[in-house]
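Everything below concerns the one structure shown next.
The values are calculated or read from the model by the stated rules, or taken from the named source; none is laboratory data. Quantities reported herein were computed from a predicted structural model and do not represent experimental measurements. Cβ: placed from backbone, ideal geometry, glycine included. Neighbour counts: every protein chain shown.
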Amino acid sequence: MSSISSSATPRPAIQPVAIPWRQLQPWLLFGAVLAIGLLYFVGTEQGVFHLIGGSSVHEFVHDGRHLLGFPCH
Amino acid sequence: MLSPRSLLIRGMLVGLAAGVLAFVFAYLVGESPIDAAIAFEEAHADPAAAGEPALVSRTVQSTVGLLTATLIYGVALGGIFSMAFAAAYGRLGQLGPRATAALVALAGFVVVALVPFLKYPANPPATGSEDTIGRRTSLYFLMLVIALASLALAIYIGRSQVARFGLWNAAIIAAGAFVAVIVVAHVLLPSIEEIPEGFSPIVLWNFRLASLGTQVVVWTALGLGLGAVVERSLRREAVLTASA
């Protein structure tokens, strides 16, 4: 039984340490804004709202929009 | 210690990989029901509208277009997912990075993908009316917001009950509260029933299964991927600290 520990390399135990909220807040905001901006173009641009004229964005990501579950035409 | 900045970057890179996997799955499983739906659309189209030149060809839509969409989707979700992970890590008892990432990804899949899908499932081409896109989009995002708010409520309830009932029972109470709010919302919100007469139910089922499967691929890749990446870097850091 004692041979098990001798053959295995000792692994340092990792104690989970939380990131303080203060440090996290600006990044949470930045991450959320970035994600919403990206998702807007994949998901709904040229659906209900139009930032860019025509329907080139809509047509280009068409299959992804349907398969990712966004409401589409 | 983990920095939010490095987590965000790693999350987006893991998301990029998740986007590639999602593309492979969606292309192999999802394209055939889409083609079948488009064939139905063309067979039932107004003859006056037929013969319009396509702005983007089907080949581009099903390859580069689909890949672009899944990559951007993966990067966006990966970024926000890593921030949810950053908030959860170290706040879920003794759970390490892999277990935390898996749990956050499971919650993300249920809240962001499954719950809105069960009320307003993904629809293939030819099954939605142009006139109701505004209403359908509003209802879909309303359902998503309700799901996120229910998650926040469940976390609040769970945390407030831990001292009294212990971690396991508090988690059951929180999950019960989440399910209760979602069931009420699903019953109260209006349904959308626009599938045209004669549309193959098999194509519809296959399409929706492919759509849900794509979400499973994305969230599984995010959860397992970020967990593995963070675990590795923390181990490396621990070894360096130990040997220093």
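Scanning the stretch B:5-45 for residues that are under 16 Å from B:T59 (Cβ atoms) and either in contact with a helix residue (DSSP H, G or I) (Cβ under 7 Å, 6 or more places away or on another chain) or of a type in the set (K, R) (or both) yields B:F23, B:A26, B:Y27, B:G30, B:E31, B:I34.
In the stretch A:16-57, of all residues being surrounded by 13 or more Cβ atoms within 10 Å (Cβ to Cβ) and among the β-branched types (V, I, T), the one that is modelled with the highest pLDDT corresponds to A:I19. Checking each residue in the stretch B:160-190 for being free of Cβ contacts under 8 Å to residues at least 40 places away in the same chain and within 19 Å of B:G108 (Cβ to Cβ) picks out B:A171, B:A174, B:A175, B:A177, B:F178, B:V179, B:V181.
From the list B:I80, B:I133, exactly one residue is part of a helix (DSSP H, G or I), modelled with pLDDT under 95 and hydrophobic (A, V, I, L, M, F, W, C). Which is it?
Exactly one of B:I80, B:I133 is part of a helix (DSSP H, G or I), modelled with pLDDT under 95 and hydrophobic (A, V, I, L, M, F, W, C), namely B:I133.
Could you tell me whether B:R236 is modelled with pLDDT of 95 or more and basic (K, R)?
On the way: modelled with pLDDT of 95 or more: no; basic (K, R): yes.
In short, no.
Just wondering, is there one or more residues in the stretch B:206-216 that are touching an Asp or Glu at 6+ places or on another chain (Cβ under 9 Å), among the small types (G, A, S) and under 30 Å from B:G19 (Cα atoms)? Explain how you work it out, then say what you get.
To start, the set of residues in the stretch B:206-216 that are touching an Asp or Glu at 6+ places or on another chain (Cβ under 9 Å) comprises B:210.
Subset that is among the small types (G, A, S): B:210.
Subset that is under 30 Å from B:G19 (Cα atoms): B:210.
Yes, there is a match, as at least one residue in the stretch B:206-216 is touching an Asp or Glu at 6+ places or on another chain (Cβ under 9 Å), among the small types (G, A, S) and under 30 Å from B:G19 (Cα atoms).
With the requirement that a residue be of a type in the set (K, R) and either in contact with a Gly (Cβ under 9 Å, 6 or more places away or on another chain) or modelled with pLDDT under 95 (or both), what does the stretch B:83-122 give you? Talk me through it step by step, then tell me what you get.
Going residue by residue through the stretch B:83-122, those that are of a type in the set (K, R) are B:91, B:98, B:119.
Within the stretch B:83-122, B:R91, B:R98 meet the criteria.
Filtering the stretch B:4-25 to residues that are surrounded by fewer than 21 Cβ atoms within 10 Å (Cβ to Cβ), more than 8 Å from chain A (Cβ to nearest Cβ) and within 30 Å of B:T241 (Cα to Cα) leaves B:S6, B:I9, B:R10, B:L13. Note on the stretch B:76-97: residues that are farther than 19 Å from B:I9 by Cβ and either touching a residue at least 40 places away in the same chain (Cβ under 8 Å) or not polar (S, T, N, Q) (or both) amount to 6. Test B:T63 against the criterion of being among the polar types (S, T, N, Q), at negative phi and touching a residue at least 60 places away in the same chain (Cβ under 8 Å), and give yes or no. So B:T63 fails the test.
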